[in-house]
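Peer 1: The following block contains the structure, expressed as structure tokens.
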Amino acid sequence: MLQNFLLDARGGLRPRTEKDGQPKGALRIVSPYDCEAHRAIRGSTRWSGYLVHVTETCDTDDAQANLITDIATTRPTRDTEALPGIHTRLRDRRLLPRQHLLDGGYLSVSLLYHSIRDHQVELVGPVKT
């Protein structure tokens with residue numbers, strides 16, 4: 001309904017017009033076959049579908065293979081919203097690292113605190129100010 005109708009001033013439904021435009025990207029259904037697929041934007045890249053978050057081991061010893069420890073496919077959301085679920089799944093599998101190296105999209109001051117408090121995991125990476 002959100003794709004094709006709006007609530008008018010009296011709370012009744014009316015069809016969307018060209019002037020109304022489409023719902024915001026996170027709410028807009030982009031496929032009639034998959035209602036969870038949504039528009040996503042990362043920098044200058046735009047697509048319709050999902051995000052994949054991959055977690056892997058890393059070591060300074062090049063002789064050791066890195067292993068994927070978690071994969072999560074999500075609807076387009078902020079990366080910071082994905083991190084608590086990643087840590088919960090790693091904890092449940094007893095794979096939580098002491099340090100978790102992340103890019104800036106996954107970090108916030110709040111997550112730095114909650115990660116140490118809830119999982120004893122130190123987050124390392126650039127924090128947006």
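Peer 1: Quick one: angle between helix 79-92 and the longest Cα principal axis of the chain, in degrees between 0 and 90, rounded to 10, please.
Peer 2: With both axes taken from Cα atoms, the answer is about 50 degrees.
Peer 1: Looking at the square roots a ≥ b ≥ c of the eigenvalues of the Cα gyration tensor of segment 27-88, which shape do they give, rounded for a/c under 1.5, prolate if a/b is larger than b/c, or oblate?
Peer 2: prolate
Peer 1: Also, I was wondering about something else. Express the carbon and sulfur contribution to the solvent-accessible surface of the chain as a percent, rounded to the nearest whole number, probe 1.4 angstrom.
Peer 2: The C+S portion of the solvent-accessible surface of the chain is 54 percent.
Peer 1: So what is the calculated 222 nm ellipticity per residue for the chain, using -39500 (n - 2.57) for each DSSP H run with n of 4 or more, over all residues, to the nearest 500 deg cm²/dmol?
Peer 2: Theoretical 222 nm ellipticity from helices: -6000 deg cm²/dmol.
Peer 1: Using the alpha-carbon atoms, what tilt in degrees (0 to 90, nearest 10) does helix 109-119 show relative to the longest principal axis of the chain?
Peer 2: 60
Peer 1: Tell me the net charge near Arg14. Cut-off is 13 Å between Cβ atoms, Arg14 excluded, with +1 for each Lys or Arg and -1 for each Asp or Glu.
Peer 2: So the surrounding residues net to +1.
Peer 1: Rounded to whole Å and sorted largest first, list the principal axis extents of the Cα atoms in the chain.
Peer 2: 62, 30, 29
Peer 1: Probe of 1.4 angstrom, ligands and nucleic acids ignored: what's the accessible area per residue over the chain, in square angstrom? All intermediate terms of the calculation are to be shown ahead of the outcome.
Peer 2: Details: 9430 Å² over 129 residues.
Dividing the accessible area of the chain by its residue count gives 73 Å².
Peer 1: How far is the Cα center of segment 22-48 from the Cα center of segment 86-129, in Å?
Peer 2: Here the two parts' Cα centres lie 27 Å apart.
Peer 1: Below 8 Å, C-alpha to C-alpha, sequence gap of six or more: please give me the relative contact order for segment 44-129 in percent.
Peer 2: Value for segment 44-129: 23 percent.
Peer 1: So what J values fall out for segment 41-47 if you push phi through Karplus, 6.51 cos²θ - 1.76 cosθ + 1.60 with θ = phi - 60°, rounded to Hz, Gly and Pro as x?
Peer 2: So the J values, rounded to whole Hz, are 9, 9, x, 9, 8, 10, 7.
The values are calculated or read from the model by the stated rules, or taken from the named source; none is laboratory data. What you see is a predicted model, and the numbers here were worked out from it, not measured in a lab. Note that each Cβ is placed from the backbone with ideal geometry, even for glycine, and that neighbours are counted across all protein chains shown. Heavy atoms of the whole protein, side chains included, go into the accessibility calculation; ligands, DNA and RNA do not. Shrake-Rupley method; radii C 1.70, N 1.55, O 1.52, S 1.80 Å.
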